[in-house]
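Okay, structure first, notes after.
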Amino acid sequence: MNIVIIGAGYVGLVTGACLADVGNRVTCVDHDPAKLDALQRGQVPFYEPDLDAVIVRNVAAERLSFAASLEPAMRHADIAFIAVGTPATEDGSADLSHVLAASAELGRAVERDTVIVVKSTVPVGTCERVQRTIDAELRMRGVPWRATVASNPEFLKEGSAVDDFQRPDRIIVGTDDPQAQRLLAALYAPYNRNRDRLIVTDVRSAEFTKYASNVMLATRISLMNELARLAEKVGVDIEAVRHGTGADPRIGHHFLYAGVGYGGSCLPKDVRALARLAAEHDQSTPLLDSVQAINDAQKRLLSAKIREHLHGRLEGATVALWGLAFKPNTDDIREAPSLVLIDELLRAGATIRAYDPVAAERVRQAVPDARLQLCRNARAACEGADVLAVVTEWREFKSPDFRWLAQTLAQRAVFDGRNLYDPQYVEDCGLRYYGIGRGRRETALAPA
Ligand code: UDX
């Protein structure tokens, strides 16, 4: 098929590259000329495993191209995706200006019957607005073409986006139009070989499902984080509780990790946007409000623990920090727990020696403070530090040399914001261990 994608951002690029990879001809349209030039040379503007290789081979095969305008690609397009950003506005609602601008542009560029697919995460009712916007343009032009708008939310995760797209657990298509249903079923057939992945529903339900999924995930995390706080008080290890509760298939093991709070470009934004949508319909959202409040507090937990260990003396202390990205395998720092920790430590007068395999440059730009020192590797970050805080569970942080850390960290303590380590083992190596919800009987600090 001939496909046009508006927005060469995260979702647009992964969608375009993967659809080209199964044989479609894809044009990604974006207004940023520097980005388009870089992409044409195979340079991806963010870190995402495997994506650059998929882009390079499909550009070389002339199945994937990049363009600054919808012309002439729309002349042949069977399907056009809207995959532009919907950032949060000040009141938390989704900013639809890019979606509506793309809709108007599409209305001016459609040259045949086309299915328009909204992939951006948008509040209920947006696809209908998109349809009205395009129809108005088509009417103004006096052309006979039909543009059918369908919802097709994206569920891919950063860090495993290519794999998620190629092996989806569900593909949600929202449209009542039988022709659009057939076309999208054909488009996604390569990912639906066993015919068990495609869920066709109405437009509004599809839009809502995306928010419901992210809100469900965020709620699970906040619940585990609340339980973790209680676990610490009553001498319970939340990791043991995670194993025990996750074994119930109704609960399941995924997404049950207590930690320093959820971040990223989706969960925080979508919880806020759904609460905002509810408020617009005079509905209160006590659960969503708590989910957010717990998450905000969770992001501040590590700095409180560090402060306590140092008897309130953060001023002049040096904290080694492992992990800056909001999760591993990405350089995305949007709403990252590390940023809250950095802010609190800097404000309290501490110095930070931070290391992240790929996100350091983004943090350097976001936090231009001389007391935030970005280090070349994990060990270097610990040299001259009092304590170590681990905020992102990159693979290379999973088995550190604790005996070396015990000799290196002046205040001999590890703050494990992702519950990566065995508390007893860390303490046997001569360090004080602090996790999230790792309550258990007090163990004496073993000699170094
Ligand atoms: C999320 C959704 O998972 C995805 O389906 C949607 O399309 C976009 O939003 P993403 O933001 O890439 O994906 O990351 P995800 O893996 O969901 O993690 C979100 C945050 O939750 C991270 O900060 C992560 O560290 C945190 N998290 C995740 C936990 O604290 N505990 C967990 O058990 C799982």
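Rounded to whole Å and ordered largest first, report the semi-axes of the equivalent ellipsoid of the range 307-358 derived from its Cα gyration tensor (root of 5λ). Let's see the in-between values first.
Working: eigenvalues 105, 22, 14 Å².
In descending order the semi-axes read 23, 10, 8 Å.
Beta bridges from DSSP with both residues in the chain: antiparallel share about 5 percent, rounded to the nearest 5. A crude spin-label estimate for the pair Ala53 and Ala38, with each label 7 Å from Cα along the Cβ direction, gives 2.2 nm.
Measuring nothing but how far apart in sequence close Cα pairs (under 8 Å, 6+ apart) lie, relative to its length, the chain scores a relative contact order of 12 percent.
Identify the trypsin sites (Lys or Arg not before Pro) of the range 174-233 meeting these criteria: DSSP loop state and at most 11 other C-beta atoms within 10 Å of the C-beta. Loop-located and lightly packed - Arg193, Arg195.
Exposure proxy check: Trp322, Trp145 ranked by fewest other beta carbons within 10 Å?
Details: Trp322 30, Trp145 13.
Exposure proxy ranking, most exposed first: Trp145, Trp322.
As a calculated quantity, the FRET efficiency between Ala240 and Phe46 at R0 = 35 Å, using C-beta atoms, amounts to about 0.40. What is the local net charge at Ile333, summed over the other residues whose Cβ is closer than 9 Å to its Cβ (Lys, Arg +1; Asp, Glu -1)? Net charge around Ile333: -2. Annotation for Ser213 and Thr201: the two label points, set 7 Å from Cα along the Cα-Cβ direction, are 1.0 nm apart. Of the options Val241, Leu198, Leu339, report the single residue whose Cα projects farthest towards the positive end of the charge dipole of the chain (beta-carbon charges: Lys, Arg +1; Asp, Glu -1). My answer, from the dipole projection, is Val241. I'd like the antiparallel share, as a percent to the nearest 5, of DSSP beta bridges with both residues in the range 2-201. Beta bridges within the range 2-201, antiparallel portion: roughly 5 percent.
Can you give the Kirkwood hydrodynamic radius of the range 294-398 from its Cα pairs, in Å with one decimal? Present the calculation step by step, with values, prior to reporting the outcome.
On the way: mean 1/r = 0.0744 Å⁻¹.
Evaluated on the range 294-398, it is 13.4 Å.
With the Cα gyration tensor of the range 211-296 giving a ≥ b ≥ c as the square roots of its eigenvalues, does the rule (a/c under 1.5 for rounded; else a/b larger than b/c for prolate; else oblate) give rounded, prolate or oblate? Taking the square roots of the gyration eigenvalues as a ≥ b ≥ c, the range 211-296 is prolate. When the Cα positions of Ala101, Thr89, Met140 are compared along the charge dipole of the range 2-201, Met140 comes out farthest toward the positive end, with charges on each C-beta of Lys, Arg, Asp and Glu.
Placing unit charges on the Cβ atoms only, positive for Lys and Arg and negative for Asp and Glu, gives the range 9-76 a dipole magnitude near 200 debye about its Cα centre.
Converting the Cα gyration tensor eigenvalues of the range 2-201 into ellipsoid dimensions via √(5λ) gives semi-axes, longest first, of 24, 20, 18 Å.
Which order results if Trp394, Trp404 are arranged by neighbouring Cβ count within 10 Å, fewest first?
Details: Trp394 23, Trp404 12.
Least crowded to most crowded, the residues run Trp404, Trp394.
Please get the size of the charge dipole for the range 1-120, origin at its Cα centre, with Cβ charges of +1 on Lys and Arg and -1 on Asp and Glu, quoted in debye to the nearest 20. Kindly include the intermediate steps, with their values, before the conclusion.
Numbers: 9 positive and 16 negative charges, 81 e Å.
The dipole magnitude comes to about 400 debye.
Amide H to amide H, with H built 1.01 Å from N, Arg432 comes under 5 Å of Ala413, Val414, counting only residues 5 or more places away or on other chains.
Rounded to whole Å, the principal axis extents of the Cα atoms in the chain read 81, 46, 42, largest first. Using C-alpha pairs below 8 Å separated by at least 6 residues, the relative contact order for the range 2-201 is 19 percent. In deg cm²/dmol, rounded to 500, what helix-only [θ] at 222 nm does the chain give when every DSSP H run of at least 4 residues adds -39500 (n - 2.57) and the total is split over its residues? Estimated from H runs of four or more residues: -12500 deg cm²/dmol. For the chain, modelled as a GNM whose springs connect Cα atoms under 10 angstrom apart, the maximal fluctuation among Pro178, Pro123, Pro72 occurs at Pro178.
What is the range 14-75 by shape, rounded, prolate or oblate, if you read a ≥ b ≥ c off the alpha carbon gyration tensor as root eigenvalues and call it rounded for a/c under 1.5, prolate for a/b larger than b/c, and oblate otherwise? Let's see the in-between values first.
Working: a/c = 1.94, a/b = 1.14, b/c = 1.70.
Oblate.
Shape call for the range 171-226 from the C-alpha gyration tensor, a ≥ b ≥ c root eigenvalues: rounded (a/c under 1.5), prolate (a/b greater than b/c) or oblate? Oblate. The lysine pair tally for the chain, using Cα distances under 25 Å and a gap of 8 or more places or different chains, is 25. Comparing Val358, Val14, Val26 in a Gaussian network model of the chain, where Cα atoms under 10 Å apart are tied by springs, the biggest mean-square fluctuation is seen for Val358. Each residue in Tyr421, Tyr188 was given a count of other beta-carbon atoms within 10 angstrom of its own, and listing them fewest first yields Tyr188, Tyr421. Local charge for Asp169 was computed over the other residues whose Cβ lies under 15 Å away, with Lys and Arg +1 and Asp and Glu -1, and equals +3. The residue among Pro168, Asn225, Ala189 whose Cα reaches farthest toward the positive pole of the charge dipole of the range 142-240, with charges on the beta-carbon of Lys, Arg, Asp and Glu, is Ala189.
Read-outs throughout are calculated quantities, based only on the coordinates presented, and are distinct from any laboratory measurement. For clarity, every value in this text was computed on a predicted model and none was experimentally measured. Quick reminder, even Gly has a Cβ in these numbers, built from the backbone with ideal geometry, and neighbours come from all protein chains shown.
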